[in-house]
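One structure below.
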Amino acid sequence: MKLCDRKSIVLLFLCFIMGKELLLAQNSERQTDSTAAPPVQSVVFQQDSASRVSQTRLLPKNISFGEQLMWGENGMMRSIGIVPALSPQERKFELSLRRTMLTTHQIGGFISLGLMASTVYFGQQVLNENHDPARRRSLLRTHKTLIAATIVSYTATGLLSVLSPPPLIRRDENSTTTLHKTLAWVHVAGMILTPIIGQAIKHSGTNYDKVAQFHQIAGYVTTATFATSLIVITF
Amino acid sequence: MQKISGIIVIIIGVLTIAQSQVKNIPCIQNETSMTYFIVHPLHKMESTSKDVSSIVRIDPSNKTVQAVSASVDVTTFNSGNSNRDSHAMEVIDAISFPEASFTSSSVISRGDSLFASGKLTFHGISREITITALQQWVEKKLIIHAAFTISLTNFQIERPSLLLVPVEDELRFSLTTAYAL
């Protein structure tokens, strides 16, 4: 073998070593830049064991005033001792409680809508009955019974949502839930005003027709708004 | 002349070594996203997270993907309705299991297609799955579009419900990751 060939082989060997070192150094540099990726040979297979530990917030950033008051870190529920101090385990229980309350809220919504629609139906029957006073009194009794049932069901349904523990996250956004909550302001107002106007019918005297019509419109608008708030949640 | 040929041999040797080195490349964060699709009898919804970490092991010499791994913070999915996302986090117990991850054990490349088999860990449960993906080797980038479907029941996840009607058991994922070569 010629000297030059041997030199070439040695040089080739040295370059091989240097090249490898250079590449390893480059890889190491790239990994440092890329948020500390694991070493070359084990990167992919170590990923899950060395995975990021996410610091999940236990309470949402945008917790409402009412939720903070009741379910916040130093909220009423904790200070009274109804629920223990905030912890991941406790929060899991609260989210489960929230789910139960909101599922019941959904069932309550359907029941309330059924009762509300029946109340409106019988209210309309009272207004339509002008010939038979006995039947009118009977219809009015049914209407009043349904009013009481609607108020109880509606209030319980609303409280299940209002008093439920806060969700895990809440963002500033416009969603179907936002619309559902906005419509709630309208039907809550309707649920307060409609019975008040209904009571006013008794003392309306000569304005009977006018007050009854207000009561009728308020009842229809409240029922329609309530039904809409139920429907929007499905979109 | 012999010296020159020796140097050429050396250069070619070094370049060959350089080319044959496999590389572990992390994803480009702002070009990577994961979306899940869920079907309810009343409507379909999708939720996307940009908080995906992924590393791919490639052999640049023959443009082959040898292994891949990805993980996502499940609390970062956004469907545009935080109430719905919060509900999803409840059912997957995001407090205990804030991360879902996939680690390949074998990757087969056929043309533009990739078939990555490996372990998917979700809701604290690990299952072997095969993910089908499309690989695009563009100038200085490798882009992978992957899709896979899992069964919620198989991962011991209670199906979330709306108006007392549960969603379908199949949960479809799509993942787009980009890597700078």
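Relative contact order for chain B using alpha-carbon pairs under 8 Å, separation at least 6, rounded to a whole percent? RCO, chain B: 22 percent.
Are there trypsin sites (Lys or Arg not before Pro) in segment A:90-195 that DSSP puts in a loop and that have at most 15 other Cβ atoms within 10 Å, and which ones? Please report the intermediate quantities before stating the final value.
On the way: sites: A:Arg91, A:Lys92, A:Arg98, A:Arg99, A:Arg135, A:Arg136, A:Arg137, A:Arg141, A:Lys144, A:Arg170, A:Arg171, A:Lys181; in loops: A:Arg170, A:Arg171.
Answer by residue number: A:Arg171.
For segment A:58-112, applying the loop criterion from DSSP together with a ceiling of 14 other beta carbons within 10 Å to the GluC sites (Glu not before Pro) yields A:Glu73.
Counted over segment B:22-180 with a bin width of 10 Å, the fraction of Cα pairs per bin, in whole percents, is 10, 41, 31, 14, 3, 0.
Between 0 and 90 degrees, the angle of helix B:2-20 with respect to the longest Cα principal axis of chain B falls at about 10 degrees. Taking every alpha-carbon pair under 8 Å whose residues sit at least 6 apart, segment A:105-232 reaches a relative contact order of 31 percent. Checking the cross-link pairs B:Lys23/B:Lys140; B:Lys63/B:Lys140; A:Lys61/B:Lys50; B:Lys44/B:Lys119; A:Lys181/A:Lys202; A:Lys144/A:Lys210 against a 23 Å limit on the alpha carbon distance flags B:Lys44/B:Lys119; A:Lys181/A:Lys202 as lying beyond it. The chymotrypsin sites (Phe, Trp or Tyr not before Pro) of segment A:56-153 include none that meets both conditions, a loop assignment by DSSP and at most 15 other Cβ atoms within 10 Å of the site Cβ. Note on B:Ile143, B:Ile95: ascending count of other Cβ atoms within 10 Å places them as B:Ile143, B:Ile95, the fewest first.
Which net charge results when you count Lys and Arg as +1 and Asp and Glu as -1 among the other residues whose beta-carbon is under 12 Å from that of A:Leu139?
Details: positive: A:Arg135, A:Arg136, A:Arg137, A:Arg141, A:Lys144; negative: A:Glu129, A:Asp132.
Charge balance in the 12 Å sphere: +3.
Taken together, the values in this text are just the output of simple stated rules run on the coordinates, not laboratory data. Model, not experiment: these values are computed from the prediction. Ideal geometry is used to build each Cβ from the backbone, glycine not excepted, and the neighbour counts take in all protein chains shown.
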